[in-house]
Amino acid sequence: MKLDDLIHHTGEWLKGTGPHSNIVMSSRIRLARNIAKIPFPNKSSKKNLSDVAFAVDEAVQQINMFKNSLFLKMGELDNVDKQFLVERHLMSHEHATNTDGKALVVSSEEILSVMVNEEDHLRIQGLQSGFNLSETWKIVNTIDDLISSKLDFAFLSDWGYLTACPTNTGTAIRGSVMLHLPALVMTKQINKVLAAIAKLSFASRGFYGEGTQAIGDFFQISNQVSLGHSEEDIIQNINGLIRQVIEQEEQARQALLLQNRPMLEDKICRSLGVLKNAHIISSQETVELLSMVRLGIDVGMVKNVDRMAINELFIMIQPAHLQKIEGKKLSSAERDARRAALIREKLGGK
């Protein structure tokens, strides 16, 4: 498997399947782990970082779930390749910068990835479609056990897993769910919902996680602290909160259909019309229009487009993906034209 093969592959989390996939786009579990007796990445020498990358590569090669996986050294990738991996949610923005000693492991189905030498020696990630946090945890827990049988992780009985950031110490688990909440945004209830989430010590972030703004009415909700809580308790707490948010979004959608159906139908149809006919379009406008079309599919107003196609477009129209498709670097104007052509092709426009 090569990096360029991913452009022709649909990641598992984009398939639009799983529980509550009309509202929940994806579920992710990420574990922070560090190898015992080696300084954290921010205190490591280049040799330390190289040793960690070599040890992780050797370990994952022995695990069947990583058969045919990619092992990528960040220092060997150009900026487009690194941004491409960020756009696919396989690694963080931080991992694409200061690339000395950094690497990335990606499983063939893109369900699993491991960032090597980001903030911690390992960030083990599982990513699945729909509201599937418990199942995602089972997969990641299995991988964690297999890797820990080959690498000695830094762990103290009183503190749990030791991490570069104190808030991750303990179980070092971060569970997050990507939700599509257009009705709560349109009915102006979203700020109240996000404020309630913050009071419960959960974080809400944008489409690309920490440090990013919400675009296309997508919000990532995750736990902030893991110390003193078991993995099961953390996941149960996230699940309980997400169920409440899903219920509020469903109620807001029903209210729009009952009270403002003509307005909603007009907004959805206009969005689909622009996408099918535009010849120049920015990524920001595209994401906002795709959000409305996705809502149209979910409430039954758009019949001939499936959710998976729209989910894929959210990723394919991003700058690095467009350049990977073309096989060359594109200016901003060229990307806007290529983006419009791709959308017309996928949606059957003119």
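The values are calculated or read from the model by the stated rules, or taken from the named source; none is laboratory data. Worth saying up front: this structure is predicted, and the values here are computed from it rather than measured. Cβ placement follows ideal geometry from the backbone for every residue including glycine, while neighbour counts extend to all protein chains displayed.
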message = Going residue by residue through region 168-183, is there one that turns out to be over 21 Å from the mean Cα position of the chain (by Cα), under 30 Å from Thr10 (Cβ atoms) and modelled with pLDDT of 95 or more?
response = yes
ask   = Within region 311-346, can you find the residues that are closer than 22 Å to Ser129 by Cα and either in contact (Cβ under 8 Å) with a residue 60 or more places away in the chain or over 17 Å from the mean Cα position of the chain (by Cα) (or both)?
value = Asn311, Glu312, Phe314, Ile315, Gln318, His321, Lys346
note = Exactly one of Glu87, Glu110 is in contact with a Lys or Arg (Cβ under 9 Å, 6 or more places away or on another chain), in contact (Cβ under 8 Å) with a residue 60 or more places away in the chain and not assigned by TED's automatic domain parsing to the domain that holds Gln323, and that one is Glu110
query = Any residue at all in region 62-82 that is buried (at least 24 other Cβ atoms within 10 Å of the Cβ) and within 16 Å of the chain's Cα centre (by Cα)?
reply = no
Criterion: within 20 Å of the chain's Cα centre (by Cα), surrounded by fewer than 22 Cβ atoms within 10 Å (Cβ to Cβ) and closer than 21 Å to Glu249 by Cβ - qualifying residue of Val287, Val305 = Val287
ask   = How many residues does region 49-75 contain that are touching a residue at least 12 places away in the same chain (Cβ under 8 Å) and polar (S, T, N, Q)?
value = 4
inquiry  = List the helices (runs of 4 or more DSSP H) inside region 127-230, counting only whole elements, that have at least 1 residues being surrounded by fewer than 17 Cβ atoms within 10 Å (Cβ to Cβ) and outside the structural domain of Leu290 (by TED's automatic domain parsing).
reply    = 133-148, 190-199
query = Taking region 83-103 as the search range and keeping residues that are farther than 23 Å from Arg205 by Cβ and at pLDDT below 95, which one is surrounded by the most Cβ atoms within 10 Å (Cβ to Cβ)?
reply = Gly101
Residue check for Glu285: free of Cβ contacts under 8 Å to residues at least 24 places away in the same chain, among the acidic types (Asp, Glu) and in a helix (DSSP H, G or I) = yes
message = Given the criteria among the hydroxyl-bearing types (Ser, Thr, Tyr), surrounded by 15 or more Cβ atoms within 10 Å (Cβ to Cβ) and at negative phi, does Ser45 qualify?
response = no
